[in-house]
Amino acid sequence: MTEGSAALDAAGLGKRYRRGWGLRDCTFQLPPGRVTALIGPNGAGKSTLMRLASGLIRPTSGTIRVLGQKPGRKGTHRKLAFLAQDKPLYRSFTVQEMLRAGAELNPGWDHDYAARLVAEADVPTNARIGTLSGGQRTRVALAMALGRRPALLLLDEPLADLDPLARKEVMQTLMAEVADMGMTVVLSSHVIADLEDVCDHLLLLAGGRVRLAGDIEDLLGEHRLMIGSRDLELPPHTVVEARTTERQATVLVRTTERVDANGWEEHKPTLEELALAHLRSARKEVAA
Amino acid sequence: MTWLAWRQQRLQILISIGLVLLTTAALVYLRFDAASLLPNQAAVRERYQGLVFNMPLFLLALPVLLGMFAGAPLFAREIEQGTLVFGLTQSISRTRWWATKLAVAGLPVAVAVTALGLVGSWALEPVNFLLSSRMSTPLFEIQGTTIGAYTVLAFAIGATAGLLVRSTLAGMAITLVTYLGVLVVVADVLRPHYQAPLYVAERFRPGPLNLPSDAWLVGHGYLDAAGNEISVSRINCQGDIATCFADQGVVQRFSQFHPGDRFWPFQLAESGLVLLLVGGLLALGAWALRRRLS
C-alpha cells in the first residue's frame, strides 16, 4: 500500500487513561473500499480506536491518520462519520428536527438522502426521538451518519441491543448503501457472527493491542484447524492455540500449506474459530 | 448551529426571560403606585414595608437560580446523555460549538436581567427612604448593572463547572456555593475599597452618627485627646454614657463612609470586576474543552 492511500492509518498509536492503557502501540492500515470487522472482547480498545479516529480524544503516543489527515479540533474529518455505541441523538427533538441539526452542523449534508433513509425505515418524521424503538433509533442514527456522505464510516457496536429482525434490517440497509457509495466501513462487535457475512477485512484487538490484521480470506488461508485424538503429537508448525477435551484436541496452526500430519483431520477455519483462537491465546499471554 | 443551540435551550431561555419580565413588570408597577402615594411617606411605608423587606432577597437569588438552571446543564446534560459525542463528531469546530451554545443560552438572559437592574434602580427611587443605603448588600447587587453581571457570573460558573465535573447536579451545587462565596468576598472585602472612604471626625456626643441617609458607613470608632483610635467598652457603663466614655478617654468619634453619589461609579467598578472573573471562568472552560473533554 502506498503512503497516504489507507482509509485509516495508525502508527505506534497509544491512548492511556487514568486506569491504564486503553490502546497501546498499534500499527495497522485499513485499505479503502473495504468493510473491516473490528473484533475484540469488551475493553479491548475498539471504542478507543474509533474515538481517536473521530478526533474525540487525542493519542497519548503515535499517530492516526484519517484519509491522510490527522484529526484536529476543527470537528471530525468531513469525510468520516462515526456512530457511537449508544446512538446519541437529542431525545426531545423530532426526527425532522434531528435531520435539520445534521444540516446545520454539516456543510456537505445530503438532506434528501438522509430523509429517504428515514422514510425507508418507516419512521414518522414528526415522532420524538425519545419515543422511537431501538431499531428505529438505530436507523435514524445511521441516516444521520450517512447524511454526511462519508467516505469512511465507523460504527461502534451498531447492532448491540437490537432484536434479531432489527439487526437484519439495519445490516441490509447498511450493506445496500455501502455497495452504492463504495464506502470504507469499520464495524465493531464482540459478536463475530454478526460480521462474518459482511466483512472482508479483519482487525483483531485484545488488551489494547493488535493481534491480527489483514484480508479475511488471506488470513483464513493462512491457518489450518486440526482436530485429532489428544494423544497425537502436535504438528511441527506455529501453533496459535491448542485446546484439549477429554478425548480430542483442537489445534489452530498458522501455515499456508497443507499440514498433512498423521492422524489429524484438517479444516479451513471459520472467521469465528480463527478470531476466538487468537483471542484466547492473547488472554493466556496476558495471564502468563 | 445557532438554530440547534436555540432548539436545545429554548425552554430554559423562555422560562428565564418570562420570569425576568414578570419581575420587571412588578417593579414598574411598584414605582408608579408608590409615586402616586408620595409625598405621604407613611402611606408608602404602610403598603410597601413588608414587600421592600423581602424583595431584595428574591432579587439576590434570581441570578444564581438562572445560573443554576440555564448554565449548569448546558454542557453537563450533553455529557450525561451522550449527545456531546454527536455534537463533537460533526463538521463544526469544538470552540464554535461551545461558544455558540454559551452565547445562545446566556446572552438573552444577560440582556433581560441587565434591563431588569436598570429599571429596578429607577423603580426603587420612591421607596428608597424605607431601605438602608443602596450601596450595601443586598441592595447594591440587585439593581443597576451589577445584577446583570452577577447573572452572567452565575451562568459562567454553572456552564464551566458542568463541563469540568460532567454532572448537572454537581454543577448546580458548585454554582450555588461558589456564587455565594464570591458575593460575600466582593461585598465585605473588595467593595469598600473601590475608592477611599470619606472620613469625618467630630466631638463625641451620644446618639446616632450625623451622616447623609444614603451614605454607606464602612467604619467608625473613637479617638482620645491625642487623636489615636481607642477601644471603648460600654458594658461597665452605669448611668450617663457620655460621662462613662469621657472617663475612658474618648474625646472624638469618627466615621468612614461612601456618599450615595458613588453608587454608579461603584456599580460600574463591581460589574467590571465580575466580568473579569467571568473571563477567567470562560478561559478555564475553553481549556477544559480542548484538553479534557471526552
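The values are calculated or read from the model by the stated rules, or taken from the named source; none is laboratory data. All values derive from a computational prediction rather than experimental measurement. As a convention, Cβ positions derive from the backbone with ideal geometry for all residues, glycine included, and neighbour counts pool all protein chains shown.
Kindly list the number of the only condition in (1) in a strand (DSSP E or B); (2) aliphatic (A, V, I, L, M); (3) without any contact (Cβ under 8 Å) to a residue 40 or more places away in the chain that fails for B:Val200.
(3)
Note down all Cβ pairs under 8 Å where the first residue falls in the stretch A:244-268 and is among the aromatic types (Phe, Trp, Tyr), the second is part of a loop (DSSP other than H, G, I, E, B), and they're at least six residues apart or on different chains.
Close Cβ pairs satisfying both conditions: A:Trp264/A:Leu232; A:Trp264/A:Pro235.
All but one of (1) within 14 Å of chain A (Cβ to nearest Cβ); (2) touching a residue at least 12 places away in the same chain (Cβ under 8 Å); (3) crowded, with 17+ Cβ neighbours inside 10 Å hold for B:Thr89; which doesn't?
It is condition (2) that B:Thr89 fails.
Considering each of A:Met171, A:Met144, A:Met175 in turn, give the residue that is out of contact with any His (no Cβ under 6 Å at 6 or more places or on another chain), buried (at least 22 other Cβ atoms within 10 Å of the Cβ), at negative phi and assigned to a helix (DSSP H, G or I).
Within the list A:Met171, A:Met144, A:Met175, the selection yields A:Met144.
Output the number of the condition that A:Arg19 fails; it satisfies all remaining conditions of (1) away from chain B (no Cβ under 14 Å); (2) surrounded by fewer than 22 Cβ atoms within 10 Å (Cβ to Cβ); (3) under 20 Å from A:Val198 (Cβ atoms).
(3)
So A:Asp218 clears everything in (1) surrounded by 19 or more Cβ atoms within 10 Å (Cβ to Cβ); (2) modelled with pLDDT of 90 or more except one condition, right? Which one?
The number of the failed condition is (1).
Under the condition of being free of Cβ contacts under 8 Å to residues at least 12 places away in the same chain and of a type in the set (A, V, I, L, M), which residue from the stretch B:16-36 is nearest to B:Leu65 (Cα to Cα)?
Residue satisfying both the conditions and the ranking: B:Leu22.
So, in the stretch B:232-253, of the ones that are closer than 30 Å to B:Thr137 by Cα and modelled with pLDDT under 85, which residue ends up surrounded by the fewest Cβ atoms within 10 Å (Cβ to Cβ)?
This residue is B:Ile235.
Please go through the stretch B:76-89 and pick out each residue that is outside any helix (DSSP H, G or I) and touching a strand residue (DSSP E or B) at 6+ places or on another chain (Cβ under 9 Å).
Residue satisfying the conditions is B:Thr89 alone.
Quick one: would you say B:Thr175 is crowded, with 20+ Cβ neighbours inside 10 Å, more than 10 Å from the chain's Cα centre (by Cα) and under 18 Å from B:Leu57 (Cα atoms)?
yes
Out of the residues in the stretch A:76-113 that are in a helix (DSSP H, G or I) and within 8 Å of chain B (Cβ to nearest Cβ), state the one that is nearest to the chain's Cα centre (by Cα).
Among them, the one singled out is A:Gly102.
With A:Thr94, A:Thr125 as the choices, which residue is modelled with pLDDT under 95, surrounded by fewer than 19 Cβ atoms within 10 Å (Cβ to Cβ) and closer than 17 Å to B:Arg7 by Cβ?
One residue alone meets the criteria, A:Thr125.
Six or more apart or on different chains, Cβ under 8 Å: which pairs go from a residue in the stretch A:13-30 that's over 15 Å from A:Arg211 (Cα atoms) to one that's among the small types (Gly, Ala, Ser) and crowded, with 19+ Cβ neighbours inside 10 Å? Could you list them?
If the second residue must be among the small types (Gly, Ala, Ser) and crowded, with 19+ Cβ neighbours inside 10 Å, the pairs left are A:Lys15/A:Gly22; A:Lys15/A:Gly45; A:Arg16/A:Gly22; A:Trp21/A:Gly14; A:Trp21/A:Gly208.
If a residue must be more than 10 Å from every other protein chain (Cβ to nearest Cβ), over 23 Å from A:Asp161 (Cβ atoms) and surrounded by fewer than 19 Cβ atoms within 10 Å (Cβ to Cβ), how many such residues does the stretch A:41-64 contain?
Number satisfying all stated conditions: 4.
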